[in-house]
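S.K.: Structure in structure tokens, see below.
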Amino acid sequence: MIEIKHLTKVYKLNKKQMQELHTKNNKKTAVDDLSLTARPGEIYGLLGPNGAGKTTTLRCIATIIKPTKGEIYVAGHEVQKESEQVRRKIGFLTSDIKLDPQFSTDYMFDFFGRLHEVPEQKLKERKEELFTYFGIKEFAHKQIKELSTGMKQKAAIAVSLVHNPDIVIFDEPTNGLDIITARSVMDYLRKLKAEGKLVIVSTHIMSEAEKLCDRIGMIIDGKKAAEGTVEELLALTHTDDLEDAFFEIYKEVKGEE
Ligand SMILES: Nc1ncnc2c1ncn2[C@@H]1O[C@H](COP(=O)(O)OP(=O)(O)O)[C@@H](O)[C@H]1O
Ligand SMILES: [Mg+2]
């Protein structure tokens with residue numbers, strides 16, 4: 001289970017960032033008092049436009065950055081107090097963690113497997129399963145820098161799953177992928193869910209969230225603006241597709257400002 005309780009993340013901006021944002025304020029609240037719970041056996045989606053705070057939230061869960069306020073529990077472990085235990089439980093995929101360009105997918109897979117103390121025999125089995133599923137074998141020994149965007153993303157996904165984590169945290173996993181590869185990634189997330197794992201993904205693509213997620217948290221300006229199953233969100237907004245539902249909620253949130 002993932003439990004986020006009143007998460008707030010405030011970034012300190014440097015001079016360049018302040019200039020870019022045309023602001024004199026050196027603080028940016030990326031996530032603002034956000035709470036949510038995601039459970040084993042479900043795919044929970046964080047849905048929101050660019051800049052909503054999705055990546056920041058997922059990076060806090062994955063112990064990459066520290067919350068400014070609030071607590072996050074991953075399988076009962078608090079991310080700041082027990083970050084080591086949390087890291088063992090999770091597989092984290094994000095576009096801002098790049099695989100080392102001069103190494104091969106095969107090498108990186110073994111490297112991270114050993115880092116996670118996966119026994120050698122298990123490591124072989126995992127590699128066979130994941131490399132077959134994602135069609136990695138044909139480029140497994142090429143340097144990462146020679147791979148296409150889609151191949152790199154597949155490689156990053158396989159590496160993030162090397163230790164067979166119970167909790168899978170994927171930040172915009174289909175970004176930059178062609179539709180065939182995107183679908184195989186979504187199918188794999190469904191398979192993980194069917195195995196009883198907890199999957200939390202972020203996306204700004206409405207149709208993807210609608211198809212993939214059991215529950216969706218709509219994130220606007222760092223806050224959870226609405227949450228529920230697709231059916232619940234449609235009923236709440238009297239709409240019949242998720243994009244319309246999102247805009248209803250967006251108007252409501254922005255109208256109050
Ligand atoms: N390292 C950082 N320093 C300063 N501001 C940041 C940093 N990372 C993200 N932000 C800002 O925080 C907000 C939320 O960003 P992010 O979590 O990346 O949103 P999303 O993933 O939903 O697009 C944005 O306004 C972004 O510009
Ligand atoms: Mg993001």
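S.K.: Ratio of alpha-carbon Rg to the 2.2 N^0.38 Å globular estimate for the stretch 165-257, to two decimals, please.
M.R.: Ratio of Rg to 2.2 N^0.38 Å for the stretch 165-257: 1.15.
S.K.: Charges at C-beta only: +1 for Lys and Arg, -1 for Asp and Glu. How large is the resulting dipole of the chain about its Cα centre, in Debye rounded to 20?
M.R.: Here the chain has a charge dipole of around 1180 debye.
S.K.: Using +1 on the beta carbon of Lys and Arg, -1 on that of Asp and Glu, and nothing else charged, what's the dipole of the stretch 39-143 about the Cα centre, debye to 20?
M.R.: With only Lys, Arg, Asp and Glu charged at Cβ, the dipole is about 280 debye.
S.K.: Using helices alone, I'd like the mean residue ellipticity at 222 nm for the chain: each DSSP H run of four-plus residues gives -39500 (n - 2.57), total over residue count, nearest 500.
M.R.: -12000 deg cm²/dmol
S.K.: Straight-line reach from LYS28: which lysines fall under 16 Å, measuring Cα to Cα and dropping same-chain residues less than 8 apart?
M.R.: Qualifying lysines at Cα under 16 Å: LYS9, LYS12, LYS15, LYS16, LYS54, LYS66, LYS69, LYS223.
S.K.: Once label points are set 7 Å from the Cα along Cα→Cβ at both THR229 and ASN164, what is their separation, rounded to one decimal in nm?
M.R.: The two pseudo-label positions are separated by 3.1 nm.
S.K.: Counting Lys +1, Arg +1, Asp -1, Glu -1, what net charge surrounds PRO119 among other residues with beta carbon under 11 Å of its beta carbon?
M.R.: Spelling it out: positives minus negatives among the neighbours equals +1.
S.K.: By the scheme Lys and Arg +1, Asp and Glu -1, what is the net charge of all other residues having a beta-carbon under 9 Å from that of GLU42?
M.R.: Charge balance in the 9 Å sphere: +2.
S.K.: Further, regarding this structure: May I have the extent of the alpha carbons of the stretch 142-208 along their three principal axes, as whole Å values ordered from largest to smallest?
M.R.: Projected onto its principal axes, the Cα set of the stretch 142-208 covers 35, 30, 17 Å.
S.K.: Still on this model: Please list the radius of gyration and Dmax for the chain, considering alpha-carbon atoms only, with Å as the unit.
M.R.: Just the Cα atoms of the chain yield Rg and Dmax of 18.8, 58 Å.
S.K.: While we're here: Roughly how large, in nm² to one decimal, is the mean projection of the convex hull of the alpha-carbon atoms in the stretch 1-101?
M.R.: Taking the Cα atoms of the stretch 1-101, their convex hull projects to 7.9 nm² on average.
S.K.: Sort out for me the Cα centre separation of the stretch 152-194 from the stretch 88-140, rounded to whole Å.
M.R.: 12
S.K.: Return the FRET efficiency for the residue pair HIS116, VAL253: r is the Cβ-Cβ distance, R0 is 51 Å, and the value is rounded to the nearest 0.05.
M.R.: Result of the calculation: an efficiency of 0.80.
S.K.: Would you tally the net charge around SER148, using a Cβ to Cβ cut-off of less than 15 Å, leaving SER148 out, and scoring K and R as +1, D and E as -1?
M.R.: With Lys, Arg at +1 and Asp, Glu at -1, the neighbours total +2.
S.K.: Do any trypsin sites (Lys or Arg not before Pro) in the stretch 79-180 lie in a loop, going by DSSP, with at most 13 other beta-carbon atoms within 10 Å of their beta carbon, and if so which?
M.R.: LYS81, LYS98
Read-outs throughout are calculated quantities, based only on the coordinates presented, and are distinct from any laboratory measurement. These figures come from a predicted structure and were not determined experimentally. Glycine gets a Cβ as well: all are built from the backbone with ideal geometry, and neighbour counts include every protein chain shown.
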